[in-house]
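A.B. asks: Got a structure here, written out as structure tokens. Questions coming.
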Amino acid sequence: MILAIGTALWFGILTSISPCPLATNIAAISFISKHLDSTGRILGAGLAYTIGRTIAYLSLELAY
């Protein structure tokens, strides 16, 4: 169980720094950074992005 969680975490890190997701992450950060006046909006947008990306990857995994 610990090995599976560690492997999933490592693959998540590798995926986040691969070229295509890296470009998407940079675009998301630049979009979110337009709202620097409100900490709540920044945290909400970042959380929504993270949850949305998680759901997308989970749905792809469950489809196979």
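Read-outs throughout are calculated quantities, based only on the coordinates presented, and are distinct from any laboratory measurement. Because the structure is predicted, anything quoted here is derived from the model rather than measured.
A.B. asks: Is the chain best put as rounded, prolate or oblate by its Cα gyration tensor, with a ≥ b ≥ c the root eigenvalues, rounded for a/c under 1.5, and otherwise prolate when a/b is larger than b/c, oblate when not?
C.D. replies: Cα axes put the chain in the prolate bin.
A.B. asks: Continuing with this model, one more query. Helix 19-32 versus the longest principal axis of the chain: what angle, 0 to 90°, nearest 10, using Cα atoms?
C.D. replies: Roughly 30 degrees, rounded to the nearest 10.
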